[in-house]
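S.K.: Let me give you the structure first, and then I'll get to my questions.
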Amino acid sequence: MIVVLKKNATEKQIQHIKQRAMDLGFKIHESKGVEVTILGLIGDERKLNKQQIEAMEGVEKVMEVLKPYKLASRDFHPHDTVIDVNGVKIGGKELIIMAGPCAVESEAQICGIAKEVKKLGAQILRGGAFKPRSSPYAFQGLEGEGLKHLAKAREQTGLPIITEVLDTHEVPLVAEYADILQVGTRNMQNFKLLKALGKQKKPVLLKRGMSATLEEFLMAAEYIMSEGNHNVILCERGIRTFNTYTRNTLDLAIVPVLKKLTHLPIVVDPSHGTGKYDLVIPMSRAAVAAGCDGLIIECHTEPEKSVSDADQTISPKRLAELIKEIKPIANAVGKVMK
Ligand code: PEP
Ligand code: MN
């Protein structure tokens, strides 16, 4: 940990800071400059509370050398994590397409869409049974019934299914049906839910909170991993900015940054990331170029009849175009598509 002292820090204050660090078992390396004095504290950073040191008089700021996330960090696990979902490998050489409607609406709807997206080359079927809607009056999802319809679609197509879990109490039920459990943007810091997901074995796709920093995102993954489940897929789905012309601002720069900092697979959601169906293809191209491991796309056989997120949902015809267009880009960045 590096402690930068205030220009006008008194000798008494400096001694007090040093004593506190020494009492905690740290060795101190002092570097006195003309402008600033810096104390390098050498020891186990976990024993120090950054905010407590920052609160001491004479301290300008404190910088951690070690990252607060450990299990998610590449420092601790240099090789890419590849998650095997019924034979579909996420985080490896292959670029993965997850596609399906925002919400499961009926058995016929989800089975019909599943067949279409499978035909086009998608490897995983998405569909929400428990829907986190901004309005309590909006369609909340078919819940348990929806999970059964998803299972039917998997039975008919062989596609593994990803679906959202909203609440800690529903983890066992959703885990019984889903092949990947999704944590939505609104729940990224629902720590009880994250812990419950860490205690079960199914892979988890963790969507970035709409106002989450990179560190908060990785710490949320760390919550799941710290309970024993290391099969976490990160998902960039857009964040809140001053921009209003798209639903969210898709932060694609986070893809190469995450690739550097973590070994976990990274998937991009250009549907929620833009909120507009005609932006899904261009932003998919960009996401693949940025180096993501997969895309999660809202697709419906009749987008205009979609009960939720109709405006950002693409037709199978557009999904076919999307897949065709991203293939050469995937190959150019070292990924393959079957
Ligand atoms: C979804 O994938 O349907 C969804 C609700 O996403 P988000 O949590 O990113 O809004
Ligand atoms: Mn949606």
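The values are calculated or read from the model by the stated rules, or taken from the named source; none is laboratory data. Since the structure is predicted, the reported quantities are computational estimates derived from the model, not experimental observations. Using ideal geometry, Cβ is built from the backbone for each residue, glycine included, and neighbour counts are taken over all protein chains shown. Ligands, DNA and RNA are stripped out before the accessible areas are found, and what is left, the full protein with its side chains, is counted by its heavy atoms. Shrake-Rupley method; radii C 1.70, N 1.55, O 1.52, S 1.80 Å.
S.K.: Could you pull out every one of the strands (runs of 3 or more DSSP E) wholly within region 70-171 that has 3 or more residues that are under 26 Å from Leu218 (Cβ atoms)?
M.R.: Of the strands (runs of 3 or more DSSP E) lying wholly inside region 70-171, those with at least 3 residues that are under 26 Å from Leu218 (Cβ atoms) span 83-85, 88-90, 96-100, 161-164.
S.K.: Can you tell which of Val171, Val204, Val165 is modelled with pLDDT of 95 or more, of a type outside the set (Lys, Arg) and within 16 Å of ligand 2 (Cβ to nearest atom)?
M.R.: So the residue among Val171, Val204, Val165 that is modelled with pLDDT of 95 or more, of a type outside the set (Lys, Arg) and within 16 Å of ligand 2 (Cβ to nearest atom) is Val165.
S.K.: Please verify whether region 89-110 includes one or more residues that are in contact (Cβ under 8 Å) with a residue 40 or more places away in the chain and either within 30 Å of Arg46 (Cβ to Cβ) or not assigned by TED's automatic domain parsing to the domain that holds Pro172 (or both).
M.R.: Taking every residue of region 89-110 in turn, at least one turns out to be in contact (Cβ under 8 Å) with a residue 40 or more places away in the chain and either within 30 Å of Arg46 (Cβ to Cβ) or not assigned by TED's automatic domain parsing to the domain that holds Pro172 (or both).
S.K.: For region 138-145, check the following and say yes or no: at least one residue is away from ligand 1 (no atom under 16 Å from the Cβ), under 21 Å from Ser306 (Cβ atoms) and hydrophobic (A, V, I, L, M, F, W, C).
M.R.: No - not one qualifying residue is present in region 138-145.
S.K.: I've got another one for you. Condition check: away from ligand 1 (no atom under 16 Å from the Cβ), open to solvent by less than 10 Å² (accessible area, probe 1.4 Å) and either at pLDDT 95 or above or not in a helix (DSSP H, G or I) (or both). Does Val62 satisfy that?
M.R.: yes
S.K.: Let me ask something else about it. So, restricting to strands (runs of 3 or more DSSP E) that lie completely within region 185-292, which ones have at least 3 residues that are among the β-branched types (Val, Ile, Thr) and surrounded by 21 or more Cβ atoms within 10 Å (Cβ to Cβ)?
M.R.: Result: 266-268.
S.K.: Name every residue in region 310-325 that is open to solvent by less than 30 Å² (accessible area, probe 1.4 Å), within 16 Å of ligand 2 (Cβ to nearest atom) and not hydroxyl-bearing (Ser, Thr, Tyr), in order of residue number.
M.R.: Gln312, Ile314, Leu319
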